[in-house]
Each structure stands twice: as structure tokens, then as C-alpha cells.
1. Could you tell me which numbered condition B:Gly18 fails, if it satisfies all but one of (1) among the small types (Gly, Ala, Ser); (2) in contact (Cβ under 8 Å) with a residue 24 or more places away in the chain; (3) within 9 Å of chain A (Cβ to nearest Cβ)?
2. Is it fair to say A:Leu166 is in the same structural domain as A:Glu52 (by TED's automatic domain parsing), within 24 Å of the chain's Cα centre (by Cα) and surrounded by 12 or more Cβ atoms within 10 Å (Cβ to Cβ)?
3. With A:Leu126, A:Leu177 as the choices, which residue is surrounded by fewer than 17 Cβ atoms within 10 Å (Cβ to Cβ) and within 11 Å of chain B (Cβ to nearest Cβ)?
4. For segment A:31-45, give me each residue that is in contact (Cβ under 8 Å) with a residue 24 or more places away in the chain and of a type in the set (A, V, I, L, M).
5. Out of A:Asp152, A:Asp97, report the one residue that is assigned to a helix (DSSP H, G or I), outside the structural domain of A:Thr24 (by TED's automatic domain parsing) and charged (D, E, K, R).
6. Which of the residues spanning segment B:89-99 are among the hydrophobic types (A, V, I, L, M, F, W, C) and farther than 22 Å from B:Thr132 by Cβ?
7. Output the residues belonging to segment A:19-63 that are surrounded by 15 or more Cβ atoms within 10 Å (Cβ to Cβ), among the basic types (Lys, Arg) and farther than 21 Å from A:Val107 by Cβ.
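The values are calculated or read from the model by the stated rules, or taken from the named source; none is laboratory data. Please read these numbers as outputs of a predicted model, since none were measured by experiment. Cβ placement follows ideal geometry from the backbone for every residue including glycine, while neighbour counts extend to all protein chains displayed.
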Amino acid sequence: MSKDDMLATVDLLLAEARRVSHLTVDPTLKREVVSYCNETLAGLKAAKKATEDDSARNRLLAAELAVMGASAEMQMWQHLEDGDCEGAWGCLVEAEDAVHAAGIAHVDGSAYQVDAQRRLMLEGTLFPPQVFMSTGMIVERDSCSICSAPYDECDHVKGRAYGGELCTRNIEQAKMLEVSIVEHPSDRRCRVTNFDGFDTMTLAKEQPANQVTQG
Amino acid sequence: MAETTDYIDVAKRASELGLQLPEGVVFLPRGFATVTTAGELLNESDAIDLVKLLRAEGVTAGMTTLGGQNLPSISEHDILVHLPVVLLQAVSPTAVALMVDVLGNYVYALIAGVFDKPRVKVEVVVQKKPGTYKSVRYEGSIEGLSELRDAILEVAKDE
């Protein structure tokens with residue numbers, strides 16, 4: 001499939017994901033979207049391989065990230081159906097991060113930002129406010145995911161796309177400096193999970209370990 | 001809004017700490033004006049990215065070094081952008097405009113979609129002549145960064 005055909009397929013897929021992403025919609029339809037996402041991701045990877053144009057690869061990467069986000073959002077609903085709040089939260093964060101990355105990967109990725117706003121609304125509606133943690137570290141050794149050079153010695157910038165791949169700064173050795181409670185962590189999966197005996201997700205009182213009854 | 005005040009003699013302070021200052025736009029390490037020894041200095045993680053982005057725009061940029069080695073950098077896993085203090089030494093108005101654009105785009109890319117109204121807090125130190133430095137501090141919206149650019153250019157020409 002050509003790049004343009006792939007992108008048109010992605011647009012249709014994302015429209016379907018938005019259509020079924022509601023609490024009352026039949027779970028089967030959400031599972032179908034996940035399956036459709038997996039097929040589309042395989043097609044996007046193949047299309048990326050087939051082109052040598054860096055900009056085209058980055059455009060396909062942006063679409064890939066948007067599809068990954070849609071798949072994670074559908075899986076969030078599945079976790080909620082199963083009563084797995086932790087898993088649902090993890091999927092929502094993954095979906096939010098993916099669409100944010102899509103916007104940086106390629107200028108056309110900004111078209112997918114409509115999902116970012118919708119997911120923020122879902123977050124506020126489905127989950128109680130969370131308290132987050134953040135670590136501060138002194139980096140002793142790191143490398144660039146694109147060229148493997150020490151990160152301060154190459155020209156690649158973390159979060160940007162190069163030839164269809166996102167650049168990350170791989171921290172290989174670091175000294176822990178502090179852990180803080182923050183409002184806006186870079187990884188929102190780092191959160192306080194219970195406080196004063198209450199689960200911060202369900203707000204239910206947790207049973208002390210020695211009082212948990214064995215099934 | 002941008003505010004202008006006097007700043008310490010950067011070259012003298014760097015010399016006291018044994019630091020080498022490269023030319024052009026320099027990102028000063030955290031604690032530059034306050035630490036007792038150079039061993040306490042840390043480069044902001046964001047400084048590394050900003051140097052790369054400025055160089056990609058053709059602007060001479062770098063970070064202070066100690067004995068020819070880069071200082072250790074600090075990595076903080078919150079999403080707030082820890083903008084380092086920026087030192088401008090004999091840079092052109094074009095380079096100032098590029099620097100402000102790069103800062104704005106960098107912050108926007110990191111926090112767009114996270115905050116409704118992203119805000120920037122940055123301090124830029126302008127070398128007016130050897131031994132004389134002025135600090136321009138800006139806190140406000142990304143869209144308002146043109147105020148910072150205008151304040152820097154005003155300080156630079158105000159002899």
C-alpha cells in the first residue's frame with residue numbers, strides 16, 4: 001500500500017476508534033478496533049521500510065504513534081470492564097503520550113492532537129486526581145538511541161524523529177539525587193498508589209496484609 | 001513581562017570556578033552564581049538539547065566546561081522545562097531572534113497539550129562590555145516571547 005493509502009486507512013481507523021470510545025459501546029467493537037490497529041501498524045512499518053525519504057518515514061511514524069494511541073485507548077476500556085483500574089490508567093497514559101509524540105514526530109502529526117484533548121477529558125471523568133512522583137538524577141553515562149554516541153556529543157534531539165525513529169536519551173548510569181512529589185511528571189505512571197491506607201485509584205480502604213483472607 | 005537588572009561579572013565568576021566559557025550563546029550551569037566550588041555545578045538536561053537546536057540553526061552555542069570536560073547533567077523527570085540561564089556574548093540581532101524562537105518552539109513541543117496555557121520562565125544574561133552584564137528575566141506565555149527578544153535587543157544597544 002502506498003504512503004497516502006496508508007494514511008487514509010489510518011484516518012478511517014481513528015474515526016472508528018473515536019466512534020466506539022464510549023463506556024456504553026459494545027466491548028466487541030472495541031476489540032475489533034484493537035485488532036484493526038495491529039494490522040494497520042504492520043502495514044505502517046512495511047510502508048516505512050519501503051521508502052527512503054526521511055520526511056515520509058517521519059510522517060508514517062506520526063501515524064504509527066496515533067494508531068498505537070488508539071489501540072491503547074481501546075485497551076483502557078477493556079481493563080475497566082475487567083475492573084483493572086491500574087491497567088486502565090497505564091493504557092490511558094500510553095495513549096496520551098503516543099499522540100503527544102505524534103505531534104513532534106512530524107508537523108502533520110498535529111492533526112492527531114484532537115485525540116489529546118479528548119483523552120484529557122476522559123482522564124478527568126474516569127479517574128480521580130492522582131499524585132505523581134518524579135526522580136532527579138545526575139547522569140554519569142548516557143547515549144543517543146539513534147547513533148549510540150554519548151548524548152551530548154551528537155546532533156540528535158530526544159523526542160524528535162529521524163528516519164522514522166524517535167530519538168531517546170538512554171541513561172545508562174546515574175546517581176539518584178532526590179524523589180519529589182510533582183504535579184506534572186514526565187511519566188504519569190509514577191504515582192502514589194496508596195495513601196493512609198486508601199487506594200488512590202479506587203479510593204477504597206485497603207485491608208492490611210495480615211487481614212487479607214485467603215480464597 | 002521582561003525585567004532588566006544588573007548581573008554578576010560572568011567572566012570573573014567563571015574564572016574563580018575554573019570554568020571555560022565558549023563563544024556565542026552559552027547555557028550556564030545550575031548554581032553558577034551561588035555555588036562554593038565547581039564540583040557542585042550541574043548542567044540542566046534541557047541545555048544539551050538547546051545547544052543542539054541552536055547549532056542546527058547556525059548559531060554558535062555551547063556550555064561551560066571544566067578542564068575541557070562537560071559538567072555532569074541533571075535529569076529531572078517532571079515535565080516542567082528547566083531552562084538554564086542563557087549568556088549572550090557579542091551575538092547578532094538575528095541570532096537573538098533565532099535563540100528566542102528556538103526556546104519558544106522547544107518549550108511548546110514539550111508541554112503542548114499538557115497545559116492549557118503553557119508558560120515560560122527564563123533568564124538571559126547579556127554581556128554589554130568586558131566585566132559588565134545585564135540580566136533580562138521573562139515570565140509569561142510562549143506567544144509573549146517577542147517581549148524578551150525586544151528587551152534583549154534594547155539592552156544590547158543601550159550603551
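1. Here B:Gly18 meets the rest and fails (3).
2. Answer is no for this residue.
3. After applying the criteria, what remains is A:Leu177.
4. Selection gives A:Val33, A:Val34, A:Leu41, A:Leu44.
5. Testing whether each residue is assigned to a helix (DSSP H, G or I), outside the structural domain of A:Thr24 (by TED's automatic domain parsing) and charged (D, E, K, R) leaves just A:Asp152.
6. The answer is B:Ala97, B:Leu98.
7. Within segment A:19-63, A:Lys30, A:Arg31 meet the criteria.
Conditions tested, residue by residue: (1) part of a loop (DSSP other than H, G, I, E, B); (2) not charged (D, E, K, R).
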{"position": "B:Glu3", "(1), (2)": "no, no"}
{"position": "B:Ala33", "(1), (2)": "yes, yes"}
{"position": "B:Asp46", "(1), (2)": "no, no"}
{"position": "B:Asp49", "(1), (2)": "no, no"}
{"position": "B:Leu53", "(1), (2)": "no, yes"}
